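Structure, as structure tokens:
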Amino acid sequence: MSALLELEEVRAGYGPTSVLHGVSLEVNDGEIVSLLGANGAGKTTTLRAITGGVRWTGDIRLNGKSLRKMHTEDVVRYGVAHVPEGRGILTELTVEENLKLGSHLRRDGPDVRKDYDRVFEYFPVLRDRRRLSASTLSGGEQQMLALARAFLMKPRLMLLDEPSLGLAPLVVRAIFEIIKTINESDHVAVLLVEQNARLALDLSSKAYVLEVGRLAIEGSSAELRGNDAVRRSYLGY
Amino acid sequence: MQEFLQLVVSGIATGGIFASLALALVLIYNAMGLVNFAQGEMAMVATFIAFTLISHGLNYWIAFPVTLVIAFAGGIAIQRIVIRPVERAPLLTLVIITLGLTTLLNGLAGAIFGYVPRSFPSPFSVQTVNILGAYASYRDLGVIAVSGVVLLAIYLLLQRTTVGLTLRAAAHHPEASRLLGVRVSWMLALGWGLASAVGAVSGIMVAPIILLEPNMMQTIIIYAFAAAVLGGIESPLGAVIGGLIVGVTVNLAGTYVPFVGGDLQLAVALAIIIGVLVLKPNGLLGRPSVRRV
Amino acid sequence: MVQRFRTLPPRYWLVLVVVLFFIGLPTVIDSFQAGEWAQALVLGIAIMGLNILVGYSGQLSLGHGAFMALGAYTSAILAHRYKMDYLVTIPIAGLLTGTVGFVFGVPALRLSALYLALATFALAVVAPSLIKRPAELTGGVQGIVLLPPVPPRPASDTFAALTGTAMTSDQWVYYVTLAWGLLLFWLAWNLLRHRAGRAMRAIRDGEVAAAASGINLAGYKTLAFGISAFYAGIAGSLFGLAAGFVSPDSFPVALSIQLLVGAVVGGLASIPGPLIGGIFAYFLPIESNQWVPTQTWIPAAIASTIEKAGPAVTYGAVLILTMIFAPNGIVGLAAAAYTRLRGRLRGVPDRESGQIPQDPQTV
């Protein structure tokens, strides 16, 4: 059975600068996978490659179908929700409008309404601030908005780029709880890029560690957590 | 006194026209983030197309929607051919290109149709109606009414529909919108088509009053711009109020200020623009924003 | 000394050749043509000013025709009514126009590219009417006629000694224009090489970043407006000299567009660009009007449309095509070709230049 997402010897870069030098990884249906590594290792570039934001060679397949030459919006329509570095909140629009952009492609009316109910249940602040401009939200609230929006897209795979960045520990915990809930109840696979390795390993079942554009380590989260040497040299704790 | 009143009333009528164009500017430039210096010339060309259709015997009420469709298609075509190649270029490049478009369209219209002003039919009668002892024509009021309806429709489209939402998203946040599955390229093209159609309506409404000729939109755009700046570029209501004030002021200045006379009324508009920018840059109703207009 | 000569970059030799070419030009062309080249140089000076504003500080202006008008009328009025020596009026016109431009630059700060274009466009549209109004001063619709200047003794004698013919008025005007052109181009080169130039380019490339690095945005932008208007004022003054008269119709909106086209085609943000742009802007309409009818392969209907349309259609098309295909103008194309040629001659493989990708929308 082939994986949901497969990357095969992916090289990517910006102009003459190469950032990824042949990365291969797999995410299975319903799995949460961590992509770890230091700053500049190429984690964000990997996510960008998947949704066509950067040129790449090699192969990237979603459900067996190659994503080569697909435009970003088409990859997204095929079932990938990507919350980028910085969250990608449309600040000219209201909270509600941001959410609507998450669900605007869906045709299953009643299910959409149910999903909105769940979103407001997970993140009550979004309901309270519905009509306000998205720019009025705090960092944590924006992350919630981004996640809610991604959830509303009903994707098969979610790409999350550093969801914990700049957020208070309590908020981060709450958000990670919800990621876990979404993953379990809706069977949404997640590829999680994180600098906070400990949090990521607690959430994910599998992890890859990138180092300067190459895979240094891969294995189950339990393994990586258990290995002291790995933890200290690669994960920083 | 009578003259004063008449000037005010007709100033309000003209002002209404400025207001509708200023409103179009505000909606299109701000809501859709559209950068198009050639907005006026495209409207002028559309009006000439309508003129050609009508002079070949087509009924006004058929020529009108047909022209709108042509204008819509034309707007999309221009976006695809001329604007898309420079999508990621700095703002300056875009403005220069649309400026080239302005010159090109003006020259072509001049070459094909000549510069002699022509009359253009209006669905409204020139009869006047008495308001407070002064006269305004049905035609002027009709222009304001039609423009108002069109702009309301556009506003509702942009604010209340999904298409409008994706249009706005694509215009202001293209990269983030792509990550939400929005086909940004096509939305931008759609925006241009819509703006072009709105411009066509303005042109067709205004032509009977100022006479159809290649340069007809140039001065009007400046008045509309003055109205938008006065009202506060981000505010639709401001555009309307600004338009009325500009209309009345220009009319009064033309008669009562000897220096101005008939041909320097445009200079009054320029003075308004500069004055507002120096004294109260956000206009009457604009939000004080950190961003520039 | 010889050592330094040998190691001067080829660019300097090119400049020397060009300067010598222009100094010698009137000796090989007739007087009328010298007058035409003078007008092209005048445009070149105005375009240099526009380039400082658009190419270097990123502010668009469609009103430089109006600034030229101000310079031209200042000189004309001073010379005609107050009997000043025309040559003396030239710098006065420049300084006056520069000051006005600087003042205009203040409200201009509030406008983004599109709206600034509209505002300066309004200025250009209004200018002819504004000129006509104070008729006793400006001569109203008829304008002011200027007497053709007489070449002064030393210049005329030198010219006669070199070429054997007496220097005509047109040729004298040409040399005055050339002298100012050399001075102003040299000035611009110096200005842009140093701090002011770098500051302006930083502003053009990214205002937020420029401001963050401590550059006084407002100061440099208004300064750019002022300097740019100064150039236009001098150009306008020289224009009056070259044309022999000034009138409101000499400065229509089309002139401002013509200047922008010249700036873009020559090459924004370059020093030689405006010169090329000036030559292009002046000679293109003349040449194409003579060239088009002779081309029998163009169907008659299209040819007559192009002729009737005047330069507007050509200018519009040129602007669009240039910004899409050659945004750095002729200078840019030449520079690119030169780099590739040099690389090929030296056996260096073509390397694709690195591009900074646009970040996905971040908040």
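The values are calculated or read from the model by the stated rules, or taken from the named source; none is laboratory data. Computed from a prediction, not measured in an experiment: that's the story for all the values here. Quick reminder, even Gly has a Cβ in these numbers, built from the backbone with ideal geometry, and neighbours come from all protein chains shown. These area figures cover heavy atoms from the full protein model, side chains too; ligands, DNA and RNA do not enter into them. Shrake-Rupley method; radii C 1.70, N 1.55, O 1.52, S 1.80 Å.
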> Just for segment A:1-41: of the residues that are under 19 Å from the mean Cα position of the chain (by Cα) and at pLDDT below 90, which one is surrounded by the most Cβ atoms within 10 Å (Cβ to Cβ)?
Replying inline: A:Gly37
> Taking segment A:97-118 as the search range and keeping residues that are closer than 26 Å to A:Arg48 by Cα and away from chain C (no Cβ under 14 Å), which one is surrounded by the most Cβ atoms within 10 Å (Cβ to Cβ)?
Replying inline: A:Gly102
>> One residue is enough: does segment B:206-226 have a residue meeting the conditions farther than 23 Å from B:Pro117 by Cα and either of a type outside the set (S, T, N, Q) or part of a helix (DSSP H, G or I) (or both)?
In response: yes
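Going by the structure shown, is B:Ser119 within 15 Å of B:Ala207 (Cα to Cα), touching a Phe, Trp or Tyr at 6+ places or on another chain (Cβ under 7 Å) and of a type in the set (S, T, N, Q)? Break it down stepwise before answering.
Details: within 15 Å of B:Ala207 (Cα to Cα): yes; touching a Phe, Trp or Tyr at 6+ places or on another chain (Cβ under 7 Å): no; of a type in the set (S, T, N, Q): yes.
No; evaluated as a whole, the condition is false for this residue.
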> What is the one condition in (1) within 13 Å of another protein chain (Cβ to nearest Cβ); (2) modelled with pLDDT under 75 that C:Gly316 does not satisfy?
Replying inline: (2)
> Restricted to segment C:150-168, and to residues that are surrounded by 18 or more Cβ atoms within 10 Å (Cβ to Cβ) and not β-branched (Val, Ile, Thr), which residue is nearest to C:Gly244 (Cα to Cα)?
Replying inline: C:Pro151
> Only one of B:Ala189, B:Ala269, B:Ala253, B:Ala171 is of a type outside the set (D, E, K, R), assigned to a helix (DSSP H, G or I) and surrounded by 24 or more Cβ atoms within 10 Å (Cβ to Cβ); which?
Replying inline: B:Ala269
> Given A:Arg87, A:Arg48, A:Arg55, which one is surrounded by fewer than 23 Cβ atoms within 10 Å (Cβ to Cβ), more than 15 Å from A:Leu215 (Cβ to Cβ) and within 14 Å of chain C (Cβ to nearest Cβ)?
Replying inline: A:Arg55
> What number of residues within segment C:227-264 are open to solvent by 10 Å² or more (accessible area, probe 1.4 Å) and assigned to a helix (DSSP H, G or I)?
Replying inline: 13
> Of the residues that make up segment B:207-219, is at least one more than 14 Å from chain C (Cβ to nearest Cβ), polar (S, T, N, Q) and surrounded by fewer than 22 Cβ atoms within 10 Å (Cβ to Cβ)?
Replying inline: no
> Would you call B:Ala145 free of Cβ contacts under 8 Å to residues at least 60 places away in the same chain, surrounded by fewer than 16 Cβ atoms within 10 Å (Cβ to Cβ), part of a helix (DSSP H, G or I) and more than 10 Å from chain C (Cβ to nearest Cβ)?
Replying inline: yes
> Can you name every residue in segment B:33-62 that is over 17 Å from B:Phe225 (Cβ atoms), aliphatic (A, V, I, L, M) and surrounded by 24 or more Cβ atoms within 10 Å (Cβ to Cβ)?
Replying inline: B:Val45, B:Ala46, B:Ala50
>> If I filter segment C:265-278 down to residues being closer than 10 Å to C:Ile47 by Cβ and β-branched (Val, Ile, Thr), which single residue comes out as least open to solvent (accessible area, probe 1.4 Å)?
In response: C:Val265
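So which residues in segment B:78-87 are open to solvent by 30 Å² or more (accessible area, probe 1.4 Å) and more than 7 Å from chain C (Cβ to nearest Cβ), if there are any at all?
B:Ile78, B:Arg80, B:Ile81, B:Arg84, B:Glu87
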>> For segment C:22-59, give me the residue count where each residue is within 14 Å of chain B (Cβ to nearest Cβ) and open to solvent by 20 Å² or more (accessible area, probe 1.4 Å).
In response: 1
>> If the requirement is being farther than 30 Å from B:Glu175 by Cβ, of a type outside the set (A, V, I, L, M) and in contact (Cβ under 8 Å) with a residue 24 or more places away in the chain, which of these qualifies: B:Phe37, B:Phe64?
In response: B:Phe64
> How about segment C:128-138: which of its residues are facing chain B (nearest Cβ under 10 Å) and either under 24 Å from B:Thr98 (Cα atoms) or open to solvent by 30 Å² or more (accessible area, probe 1.4 Å) (or both)?
Replying inline: C:Leu130, C:Lys132, C:Arg133, C:Pro134
> Just checking, which of B:Arg178, B:Arg183, B:Arg160 is at pLDDT 90 or above, facing another protein chain (nearest Cβ under 10 Å) and surrounded by fewer than 23 Cβ atoms within 10 Å (Cβ to Cβ)?
Replying inline: B:Arg183
> Could you say which residue among B:Pro90, B:Pro65 is open to solvent by 50 Å² or more (accessible area, probe 1.4 Å) and either at the interface with chain C (Cβ under 10 Å from one of its Cβ atoms) or in contact with a helix residue (DSSP H, G or I) (Cβ under 6 Å, 6 or more places away or on another chain) (or both)?
Replying inline: B:Pro90
> Condition test on B:Ala153, is it in contact (Cβ under 8 Å) with a residue 60 or more places away in the chain and either part of a helix (DSSP H, G or I) or farther than 26 Å from B:Leu5 by Cβ (or both)?
Replying inline: no
>> Just to confirm my filter: which strands (runs of 3 or more DSSP E) fall fully inside segment A:1-108 and include at least 1 residues that are over 21 Å from A:Gln195 (Cα atoms), of a type in the set (D, E, K, R) and free of Cβ contacts under 8 Å to residues at least 60 places away in the same chain?
In response: A:5-14, A:56-62
> Within segment C:60-97, how many residues are open to solvent by 70 Å² or more (accessible area, probe 1.4 Å) and within 14 Å of chain B (Cβ to nearest Cβ)?
Replying inline: 0
> From the list C:Val125, C:Val176, C:Val141, C:Val100, which residue is surrounded by fewer than 16 Cβ atoms within 10 Å (Cβ to Cβ) and among the hydrophobic types (A, V, I, L, M, F, W, C)?
Replying inline: C:Val141
